[in-house]
Amino acid sequence: MTQKPQIIPVPAADAVLHTERSGHGPAVVLVPGGGGDAEMFEAVVPLLADRYTVITLDRRGNSRSKSETLFSLAQQAADVITVLDHHGIDRAYVFGTSASGIIALELLAHHDDRLLGAVVHEPPIIRVLPDRAEQAASIREVGRITDEEGALPGWLRFASMIMPGTGARLFTSRFGRAAGAALLRLASAAQRVRGREPGGMQRIIGNAEWLLKHEMPVLVDYRPDVDALRATSAPWCFAVGTGSAGEFYERPARLLGAELGIACAEFPGGHASYQQEPTEFSARLTAILDGFAARGGRRR
């Protein structure tokens with residue numbers, strides 16, 4: 001029987017971070033992307049826990065790690081280090097996806113002495129794209145919708161940009177967003193009437209305003225410190241999903257990988273491959289981390 005993760009609150013600057021710990025062995029920290037939390041990785045944690053000490057967390061400002069601190073990438077990276085310190089871990093592997101892929105780059109640039117290696121999965125670094133003006137306009141549209149219609153319709157519009165399938169097209173219209181938001185509010189209210197604790201989807205919905213109003217403006221303007229990344233001592237790679245080809249969140253990894261001479265690994269599935277293909281994802285991640293370990297935890 002799979003054991004439930006151990007929940008360990010971690011005191012940090014102006015926040016208490018919700019963290020979960022499972023397994024034994026070298027530490028790997030799975031950092032959720034924008035709007036997500038530790039539950040994003042619930043399907044892969046038990047698959048990795050046979051070989052690793054797996055730590056997941058709700059990032060500052062999200063779900064069970066609420067904070068009034070203004071969002072900054074430096075603080076988010078520092079929070080990961082605080083988590084390592086509290087768990088008594090000197091060095092760890094880090095997997096960052098989407099927004100947290102950018103946080104992983106900050107760790108590589110400024111905290112590489114604490115890393116056994118890092119996998120930077122589909123970081124949406126719009127500024128490196130040749131069509132960055134067009135992509136930035138799409139993100140500004142999400143901001144406009146958030147201001148005019150509310151955080152939940154804005155979140156649904158953003159979701160339509162990263163969700164697979166034709167169903168997401170519903171949220172490109174104001175009517176579709178209003179209908180979707182109403183259904184989500186009804187579902188959330190029904191959960192509260194039953195006296196249940198907020199579930200994963202409810203928490204993600206609750207994170208929408210933080211993502212759209214605090215995280216996204218910073219992420220859109222992000223420029224990687226390529227000199228620091230070239231100098232980092234930790235082994236690392238970019239990664240993309242095979243189902244994400246050509247998307248705005250997939251292309252930066254390939255472009256920056258080519259510029260920096262860093263490999264770009266492929267995972268099965270799309271932007272959320274750890275949810276779509278958990279068994280295959282876990283096997284691929286393990287193979288990558290084994291490769292890092294063979295280097296002795298240092299970049300060649």
Report task. Quick one: count up the residues across the range 238-249 that are open to solvent by less than 10 Å² (accessible area, probe 1.4 Å) and closer than 27 Å to HIS111 by Cα. Result -> 4
Report summary line: Restricting the range 140-160 to residues that are assigned to a helix (DSSP H, G or I) and surrounded by fewer than 19 Cβ atoms within 10 Å (Cβ to Cβ), the one modelled with the lowest pLDDT turns out to be ALA159
Query - Selected residue [among the polar types (S, T, N, Q), open to solvent by less than 10 Å² (accessible area, probe 1.4 Å) and more than 23 Å from ILE126 (Cα to Cα)] from THR97, THR56, THR69 - result: THR56
Report task. Could you figure out which of (1) within 18 Å of GLU122 (Cβ to Cβ); (2) open to solvent by 50 Å² or more (accessible area, probe 1.4 Å); (3) within 17 Å of the chain's Cα centre (by Cα) isn't true of PRO217? Result -> (1)
Report summary line: Taking the range 35-52 and keeping residues closer than 18 Å to ILE162 by Cβ and among the aliphatic types (A, V, I, L, M) leaves MET40
Query - Criterion: of a type outside the set (A, V, I, L, M, F, W, C) and either open to solvent by less than 40 Å² (accessible area, probe 1.4 Å) or at pLDDT below 95 (or both) - qualifying residue of ARG230, ARG203 - result: ARG203
Query raised in the report: Hey, THR69 hits all of (1) among the polar types (S, T, N, Q); (2) at pLDDT below 95; (3) under 14 Å from LEU84 (Cα atoms) but one; which does it fall short on?
Result: (3)
Query - Those residues of the range 116-138 which are over 26 Å from ALA234 (Cα atoms) and assigned to a helix (DSSP H, G or I), in sequence order - result: ARG132, ALA133, GLU134, GLN135, ALA136, ALA137, SER138
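The values are calculated or read from the model by the stated rules, or taken from the named source; none is laboratory data. As the structure is a prediction and not an experimental result, all values here were calculated from the model. Virtual Cβ from ideal backbone geometry, glycine too; neighbours counted across all protein chains shown. All accessible areas refer to the heavy atoms of the entire protein, side chains included, with ligands and DNA or RNA removed. Shrake-Rupley method; radii C 1.70, N 1.55, O 1.52, S 1.80 Å.
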